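Working notes, structure below.
The values are calculated or read from the model by the stated rules, or taken from the named source; none is laboratory data. This one's a predicted model, so the numbers in the text were calculated from it and none came from an experiment. Ideal geometry is used to build each Cβ from the backbone, glycine not excepted, and the neighbour counts take in all protein chains shown. With ligands, DNA and RNA removed, areas are computed over all heavy atoms of the protein, side chains included. Shrake-Rupley method; radii C 1.70, N 1.55, O 1.52, S 1.80 Å.
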Amino acid sequence: MIKLLIADDHQLVIDGIKLMLSSEADIECAGEANDGQSALDLLTKGAFDLVLLDINMPGMNGLEACKHISKNYPDVKILVLSMLKEASLIKMMLKNGANGYLLKNAGKAEVLRAIRAVTAGQKYYSPEVADIVMASLGSRAEKINKSPFPQLSRREKQVLQLIVDEFTTGEIAEKLTISFGTVETHRRNLLIKLGARNTAGLVRIGLEYGLLE
């Protein structure tokens, strides 16, 4: 029996996965968490074979959680399930100890195949993920770019610059003519991509690695 821990900040996703796997005799959804820290807390209390791990979560994100799980629970396999598909981010998750990477557009058959393969000690990457990583290996632009972080979009760079310039979320929204919620989404994505814990971390990394406009 494969004991599965699902970590995703959307309860609808967790419920959908549990329903999808409910008829599988060899898989038990034995725990669920909505952020990385909650997943780690569950790992201290019970034995799990595999963590199905999202990246974009509040508090401790998937990048950080993956590193902690790999270091402190080496027998627990990690299968990433995310809608993020930037090559640098995928490689960062693999470097942090992930055993496989699935995109959230995967069907039931592929999810089952990945869970069983990773639990059995194999690596599993969805075909699109494998293509993205392979394409990036031959990318001259990536070889030239020494930054360890995923490439930021033009809008993300604008938001980061304004954060560094000490604008508030409301002021950034007004200046860029976007909604307050959109600014918060960009801020959250920046925290994920740059591996920062807070705004001060964003500022430090942005300046140190020359990521600003």
Qualifying residue in the stretch 43-55 (condition: part of a helix (DSSP H, G or I) and at pLDDT 95 or above): yes
Residue check, L12 under 19 Å from the mean Cα position of the chain (by Cα), outside any loop (DSSP other than H, G, I, E, B) and of a type in the set (A, V, I, L, M, F, W, C): yes
Neighbours by Cβ (under 7 Å, 6+ apart or cross-chain): first from the stretch 34-59, more than 17 Å from L12 (Cβ to Cβ) and open to solvent by 60 Å² or more (accessible area, probe 1.4 Å); second not in a loop (DSSP other than H, G, I, E, B) and not aromatic (F, W, Y): A47/K3; G59/G36; G59/Q37
When residues of the stretch 79-89 are limited to those that are in contact (Cβ under 8 Å) with a residue 40 or more places away in the chain and under 28 Å from G46 (Cα atoms), the one most open to solvent (accessible area, probe 1.4 Å): L81
Count of the stretch 91-111 residues which are buried (at least 19 other Cβ atoms within 10 Å of the Cβ) and either polar (S, T, N, Q) or closer than 15 Å to N56 by Cβ (or both): 8
Conditions (1) touching a Cys at 6+ places or on another chain (Cβ under 7 Å); (2) open to solvent by 30 Å² or more (accessible area, probe 1.4 Å); number of the one not met by S22: (1)
Residue list for the stretch 123-136, restricted to those being over 18 Å from K95 (Cβ atoms) and open to solvent by 80 Å² or more (accessible area, probe 1.4 Å): P127, D131
The listed residue being open to solvent by less than 10 Å² (accessible area, probe 1.4 Å), more than 19 Å from R113 (Cβ to Cβ) and not in a loop (DSSP other than H, G, I, E, B), out of A30, A65: A65
Selection within the stretch 81-111 - in a loop (DSSP other than H, G, I, E, B) and touching a Leu at 6+ places or on another chain (Cβ under 9 Å): M83, L84, K85, N96, A98, N99, K104, A106
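Could you list all residues from the stretch 112-122 that are farther than 20 Å from L12 by Cα, aliphatic (A, V, I, L, M) and either open to solvent by 10 Å² or more (accessible area, probe 1.4 Å) or in contact (Cβ under 8 Å) with a residue 60 or more places away in the chain (or both)? Write out each step before concluding.
Going residue by residue through the stretch 112-122, those that are farther than 20 Å from L12 by Cα are 113-114, 116-122.
Subsequent filtering for residues that are aliphatic (A, V, I, L, M) retains 114, 117-118, 120.
A117, V118, A120, listed by residue number.
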Lone qualifier among A7, A65 - being among the small types (G, A, S), touching a strand residue (DSSP E or B) at 6+ places or on another chain (Cβ under 6 Å) and under 28 Å from L194 (Cβ atoms): A7
